[in-house]
Amino acid sequence: MASWSDFAADEPRLADEIRLLMQQYGPGFGYLATVRADGGPRVHPVSPVITDDGLYCFVIDSPKRRDLERDGRYALHSFPPEESDDEAYVAGRARPVTDPTTLARLAELGRAAPQVDWRLFEFTVDVAMLTRRGQASQPGAGRPQVRVWLDPLASAPPRHAVAAKGRRGRHGFDTRRPAA
């Protein structure tokens, strides 16, 4: 489980480009996918906070927070830019942050209201992907450019364990269900 800073040290240019897409409208903005108790995906808009130290998200009392507390797997996708169909994606595990100094610093940075029942999670990075498609006004202008980073220290689950659970993707979503 690599931290955002581990990922950024390994692939600084890719990390910068993903950060720019996540923060293209000022504060971070993206879609957070979590794993429901029944194994299906749940998607919500969130405002991730990206610092040199890590990738964080304040999550209010909600089904997505309960998903993260029960099963820390997540995927975070950027909001699409107006001028292109570029996209950024990171996935890994969420873990609660309990250090008071870190909480106070990030609450100030992320403008997290003290009277709200939120919890801060740090997102580790198992995979990061950036897709560049060029200008949206030029359809079919060529193949997208895709760059992917995989945590070199992450170990893949044994193949027999995946087969026993059914056809599940790398991040635990059941791939047997057709897209809605």
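The values are calculated or read from the model by the stated rules, or taken from the named source; none is laboratory data. What you are looking at is a predicted structure, and each value in this text was computed from that prediction instead of being measured. Cβ atoms come from the backbone with ideal geometry, glycine included; neighbour counts cover every protein chain shown. Ligands, DNA and RNA are stripped out before the accessible areas are found, and what is left, the full protein with its side chains, is counted by its heavy atoms. Shrake-Rupley method; radii C 1.70, N 1.55, O 1.52, S 1.80 Å.
The table below lists the values:
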{"item": "Flag for Val35 being among the β-branched types (Val, Ile, Thr), in contact with a strand residue (DSSP E or B) (Cβ under 9 Å, 6 or more places away or on another chain), at pLDDT 95 or above and open to solvent by 10 Å² or more (accessible area, probe 1.4 Å)", "result": "no"}
{"item": "Criterion (out of contact with any Ser or Thr (no Cβ under 8 Å at 6 or more places or on another chain), modelled with pLDDT of 85 or more and either within 22 Å of Val46 (Cα to Cα) or surrounded by fewer than 16 Cβ atoms within 10 Å (Cβ to Cβ) (or both)) met by exactly one of Val97, Val162", "result": "Val97"}
{"item": "Filtered residue count, segment 120-159, keeping only those that are at pLDDT 80 or above and either of a type outside the set (D, E, K, R) or out of contact with any helix residue (DSSP H, G or I) (no Cβ under 6 Å at 6 or more places or on another chain) (or both)", "result": "24"}
{"item": "Total residues in segment 1-32, condition surrounded by 14 or more Cβ atoms within 10 Å (Cβ to Cβ), among the charged types (D, E, K, R) and not in a loop (DSSP other than H, G, I, E, B)", "result": "4"}
{"item": "Qualifying positions in segment 55-80 - within 14 Å of Glu17 (Cα to Cα) and out of contact with any helix residue (DSSP H, G or I) (no Cβ under 7 Å at 6 or more places or on another chain)", "result": "His77, Phe79, Pro80"}
{"item": "Among (1) within 17 Å of Phe29 (Cα to Cα); (2) under 17 Å from the mean Cα position of the chain (by Cα); (3) modelled with pLDDT under 90, the one test that Gly169 misses", "result": "(1)"}
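Yes/no per residue for (1) in a loop (DSSP other than H, G, I, E, B); (2) open to solvent by 30 Å² or more (accessible area, probe 1.4 Å); (3) among the β-branched types (Val, Ile, Thr):
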site	(1), (2), (3)
Asp52	yes, yes, no
Phe58	no, yes, no
Tyr74	no, no, no
Glu82	yes, yes, no
Ala88	no, no, no
Ala91	no, no, no
Arg111	yes, yes, no
Arg119	no, yes, no
